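Below is one structure, written out as structure tokens; the observations come after it.
The values are calculated or read from the model by the stated rules, or taken from the named source; none is laboratory data. Quick caveat, the model's predicted, so the values are computed rather than measured. Backbone-built Cβ (ideal geometry, glycine too); neighbour counts: all protein chains shown.
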Amino acid sequence: MRSAVEQLAAKHREAYDGPSADATERQHTRGKLTVRERLDVLFDEDTFVELEPLRRHRASGLGLEDRKPYTDGVVVGWGEVHGRTVFVYAHDFRIFGGALGEAHAQKIHKIMDMALAAGAPLVSLNDGAGARIQEGVTALAGYGGIFQRNTRASGVIPQISVMLGPCAGGAAYSPALTDFVFMVRETSQMFITGPDVVQAVTGEKVSQNGLGGADVHAEVSGVAHFAYDDERTCLEEVRYLLSLLPQNNMEMPPVEPTGDPADRRCEELLDLVPVNGNQPYDMREVIAAIADDGEYLELQERWANSVICALTRLNGAVVGIVANQPQSLAGVLDIHSSEKAARFVQMCDAFNIPLVTMLDVPGFLPGVDQEHGGIIRHGAKLLYAYCNATVPRIQLILRKAYGGAYIVMDSRSVGADLSFAWPTNEIAVMGAEGAVSVIFRREIAGSTDPVTTRNLLIQEYREELMHPYYAAERGLVDDVIDPAETRRILIRSLAVLRSKHAELPRRKHGNQPV
């Protein structure tokens, strides 16, 4: 009896261990790993548990009767990443091109439901050709079930989409609904309509990568949070991101021991930020100086460059950083940077990640294109995200903080728990030059020496209304601090705020600007 059972199991195991060697070779030739190889990289060794490996489709017609491979082109299950449970579904491009059919979709629906019920992250390894044409409307309904579950799990468990091949048509909406999107250059693409359709409709000729490749979505559309050169590096970075996230919205992110002293002075910050407000510097150097061991993970690094969104650790605890980048457009807020920061703030708030907002912002980007593009509506997204956030929030003003952009970037008036400023801070409605030109335009125009008069008025305006302690004297800044003490002060403040409890008004949901 035992021998018969073992023989039967061996027969089935051989059947579902994978497609032919030729199909595997073609996968490798494209520079892609097989589905099993990907799972080996993603999960801790020998922890992956597969569900429904013997599942096959029941469709008939168009040649499907004789093609009923096990798994039906998707591998689902769970395993451990850094010792914590993570659920996964992974397309197998070698079977029906990873196309989604009824049985394929039901497997995905099941693992998504399990992830939500267990309160554990869900990772999707996407490498599929879209809906299985032979199965018609049932395949389309399968996508609808995925989208509905993506939405239901949003803000409850972390959802990560890893694009490792093509993702076209309606299939692209599932990654867009998740929290993070990873892509691999040359081998992964995302688009609603492919190059052939684009050319037929618009006459524009474009390649798949030119239309929806990793660099396009990392630099132009902002759809991708991360883009890497190869799959192994990509999957290793997914593991790193998971180490910074909680299992679900009811837990705190994991705290890791660090050898970086909590009271370490950051002497390099004393000379890093120029006193001259028109002189740029790299805000990434500021973040690296205060972060544990100088390490941080930046999201959407190459899109909307005037703002930086990053996850890092301070004394072992995960913190979200939102910071203006003076090296790009002087750190202004525009349509894209407002959207980028708003999405990040919402993610951090959903998963109990405290926020530190670092300001050096001259305002919102002026221009007809920005106004006609809806900068008011898009800027309101960031304002709404901050006002709605209940996690600990600290504002740090390094240098310029002008106008509405100062308010939007988590000022005390919109709910920041604490606000600190460096001695180089300038908080005002606008820069001194612009303010004087508006307030004293008649005096300047009527002066016998307009240039000297204007310069004297600018100096007086700065001394009276823009000196470093003006906001602190009025209680809008809690303290003006030594830049070298920034790390120590942030760590101590976050420790105090760790037990913060805040509730929003009872409601179904807000009507945020979208």
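Take segment 250-263 and flag every residue that is surrounded by 15 or more Cβ atoms within 10 Å (Cβ to Cβ), in contact with a helix residue (DSSP H, G or I) (Cβ under 6 Å, 6 or more places away or on another chain) and touching a residue at least 60 places away in the same chain (Cβ under 8 Å).
Answer for segment 250-263, where residues must be surrounded by 15 or more Cβ atoms within 10 Å (Cβ to Cβ), in contact with a helix residue (DSSP H, G or I) (Cβ under 6 Å, 6 or more places away or on another chain) and touching a residue at least 60 places away in the same chain (Cβ under 8 Å): just Ala262.
Kindly indicate the residue of segment 379-388 that is without any contact (Cβ under 8 Å) to a residue 60 or more places away in the chain and surrounded by fewer than 23 Cβ atoms within 10 Å (Cβ to Cβ) and also nearest to Val414 (Cα to Cα) among those meeting that condition.
That would be Cys387.
Right, Leu418: over 23 Å from Asn276 (Cβ atoms), touching a residue at least 40 places away in the same chain (Cβ under 8 Å) and more than 23 Å from the chain's Cα centre (by Cα) or not? So that I can check it myself, show each step before the final result.
Numbers: over 23 Å from Asn276 (Cβ atoms): yes; touching a residue at least 40 places away in the same chain (Cβ under 8 Å): yes; more than 23 Å from the chain's Cα centre (by Cα): yes.
Taking the combined requirement at face value, the residue satisfies it.
If you take the residues in segment 488-511 that are of a type in the set (A, V, I, L, M, F, W, C) and surrounded by 17 or more Cβ atoms within 10 Å (Cβ to Cβ), which one is farthest from the chain's Cα centre (by Cα)?
So the residue we want is Ile489.
Going by what's in this entry, would Glu485 be described as surrounded by 12 or more Cβ atoms within 10 Å (Cβ to Cβ) and not assigned by TED's automatic domain parsing to the domain that holds Leu382?
no
Determine, yes or no, whether Arg507 is out of contact with any strand residue (DSSP E or B) (no Cβ under 7 Å at 6 or more places or on another chain), in a helix (DSSP H, G or I) and charged (D, E, K, R).
no
Among the listed residues Ser221, Ser207, Ser174, identify the single one that is surrounded by fewer than 16 Cβ atoms within 10 Å (Cβ to Cβ) and in contact with a Phe, Trp or Tyr (Cβ under 8 Å, 6 or more places away or on another chain). Lay out the reasoning, then the answer.
Working: Ser207 fails: in contact with a Phe, Trp or Tyr (Cβ under 8 Å, 6 or more places away or on another chain); Ser174 fails: surrounded by fewer than 16 Cβ atoms within 10 Å (Cβ to Cβ).
Criteria check complete, one pass: Ser221.
Is it the case that some residue within segment 454-476 is loosely packed, with under 13 Cβ neighbours inside 10 Å, part of a loop (DSSP other than H, G, I, E, B), acidic (Asp, Glu) and at negative phi?
no
Take the conditions touching an Asp or Glu at 6+ places or on another chain (Cβ under 8 Å) and among the aliphatic types (A, V, I, L, M) and apply them to Ile160. Does it pass?
yes
How about segment 341-378: which of its residues are touching a strand residue (DSSP E or B) at 6+ places or on another chain (Cβ under 6 Å), modelled with pLDDT of 95 or more and not hydrophobic (A, V, I, L, M, F, W, C)?
The answer is Pro354, Thr357, Asp360.
Name the residue that is modelled with the lowest pLDDT, counting only residues in segment 100-132 that are outside any loop (DSSP other than H, G, I, E, B) and among the basic types (Lys, Arg).
In the first step, residues of segment 100-132 are kept if they are outside any loop (DSSP other than H, G, I, E, B); the result is 100, 102-118, 122-126, 131.
If we keep only those that are among the basic types (Lys, Arg) as well, we get 107, 110.
Numbers: Lys107: 94, Lys110: 97.
Residue satisfying both the conditions and the ranking: Lys107.
I'd like to know if segment 182-196 contains one or more residues that are more than 30 Å from Val345 (Cα to Cα), without any contact (Cβ under 8 Å) to a residue 40 or more places away in the chain and surrounded by fewer than 17 Cβ atoms within 10 Å (Cβ to Cβ).
Yes, the conditions are met somewhere in segment 182-196.
Please enumerate the residues belonging to segment 265-314 that are surrounded by fewer than 16 Cβ atoms within 10 Å (Cβ to Cβ) and not in a loop (DSSP other than H, G, I, E, B).
Passing the criteria: Leu270, Asp271, Glu285, Asp293, Gly294.
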